[in-house]
Every structure is written in structure tokens, then in C-alpha cells.
């Protein structure tokens, strides 16, 4: 019983902290560009541009 007196407020505090973090992300537009990150994965930054590859 004594453990519940500590764990219930701790669980509520962690839940509220998670909710506050999520609300901060939504207000600061962290989820604004959902497709940009998936397209940036496909870029080959380590390859030289096509004009330099043709000169070799």
C-alpha cells in the first residue's frame, strides 16, 4: 500500500510531463514537414554532381 502512495503520483507526473512535451512539439511546429525527412534519406550527398562525374 505504501508503494502505491509513491507510484501513483509518480506515474501521473510522468504522464503530464509526456503530455507537456507533446504539446510543446505541436506548438513549435516539429511535425510540420512530415515528407521532408523521408525524402532527405534518398539523397546521395557522398556522390559528386553529374557535371563533375562526366568530366572524369
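The values are calculated or read from the model by the stated rules, or taken from the named source; none is laboratory data. Not measured: the values here are computed from a predicted model. When we count neighbours, we look across all protein chains shown, and the Cβ atoms used for this are built from the backbone with ideal geometry, even at glycine.
Scanning the range 32-56 for residues that are more than 29 Å from residue 22 (Cα to Cα) and in a loop (DSSP other than H, G, I, E, B), which turns out modelled with the highest pLDDT?
43
Looking at (1) at pLDDT 95 or above; (2) loosely packed, with under 10 Cβ neighbours inside 10 Å, can you tell me which one residue 5 breaks?
(1)
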